[in-house]
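Worksheet: one structure, shown below.
The values are calculated or read from the model by the stated rules, or taken from the named source; none is laboratory data. Values in this document were obtained by computation on a predicted structure and should not be read as measured data. Please note: Cβ atoms are built from the backbone with ideal geometry, for glycine as well, and neighbour counts cover all protein chains shown. For accessibility, only protein heavy atoms count, side chains too; no ligands or nucleic acids. Shrake-Rupley method; radii C 1.70, N 1.55, O 1.52, S 1.80 Å.
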Amino acid sequence: MSPKLSDSEEEVEKHETPPIPARDRSPSPPPALSVVRNTRSRGYMKKIREMDKTLKDLGAAISPKKGSQDEDFDDDVIILTSPTDCDTPQEITVKVRCHADLFRFPLTMADPLQKVVDHMARKLNVCSSRLILFLRDVELNPSETLQHHNVSITDIIDCIEVTEPATQNCINLRVQGKDKNSMQVIGVQKTEPLKNLMDKYKQLMDLKWKKVVFYFDGQELSPKSTAQDHDMETDDVIEAWV
């Protein structure tokens with residue numbers, strides 16, 4: 001026989017939480033994978049390929065061809081030249097060496113070399129007919145231009161002063177030492193002793209107190225001999241060895 005409960009006990013029993021059933025500890029099966037099917041039909045892919053081909057054809061039509069691009073570029077090239085560039089001769093600074101001194105003055109490539117002779121004649125206070133110009137051991141014609149001999153700013157023109165103008169009995173002889181700038185042109189009488197030429201050369205080259213031996217055609221010259229004895233003519237070269 002069950003005991004009888006009071007009214008208060010019955011009310012508490014009614015409000016009690018119902019028991020929670022035990023959870024099933026067994027693992028749940030994974031959810032089924034949904035398979036995504038390709039809904040693009042063959043007709044749809046064909047339209048995509050046709051559209052892509054159309055876009056490529058359109059791009060090729062818009063872009064210029066390589067050959068035509070080069071032709072258009074060539075047609076657009078315009079070369080502009082100033083008339084003054086062609087008509088105005090180039091101006092350079094000419095360097096002239098004389099007696100171990102170096103002179104500089106501006107000239108244009110179209111100027112005759114006579115301007116160089118005249119300028120040096122004023123500098124040296126001598127007659128222009130007594131000056132001879134050389135470039136790389138070649139005598140220059142005063143009537144020719146700088147451009148004719150391709151004179152550049154790096155070239156040095158040698159100016160030689162002739163002691164006496166050449167006459168029928170006087171010839172101009174070139175006396176050349178070992179150094180390139182040691183050449184002198186000296187005028188002598190055909191019948192006078194070559195000692196005068198030797199003394200003049202040593203004076204010009206500041207070699208008075210040094211022994212200098214002179215040769216012509218490989219033969220040592222005697223101070224007592226003359227130009228006529230050796231059949232010397234104008235512009236013959238005498239070598240001077242210090």
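A few notes on this one:
- Pairs exceeding a 30 Å alpha-carbon distance, out of K180/K211; K180/K208; K95/K224; K123/K200: K95/K224.
- Label-point separation, D229 to E144 (7 Å along Cα→Cβ), nm: 3.7
- The residues of region 87-242 expose, per residue, 58 Å² of accessible area to a 1.4 Å probe.
- Each principal axis of the Cα atoms in region 173-242 has its own extent, and those three values, largest first, are 27, 21, 21 angstrom.
- Apolar share of the accessible surface for region 111-242: 45 percent from carbon plus sulfur atoms, 1.4 Å probe.
- Dipole moment magnitude, nearest 20 debye, region 88-242 about Cα centre, only Lys, Arg, Asp, Glu C-beta charged: 640
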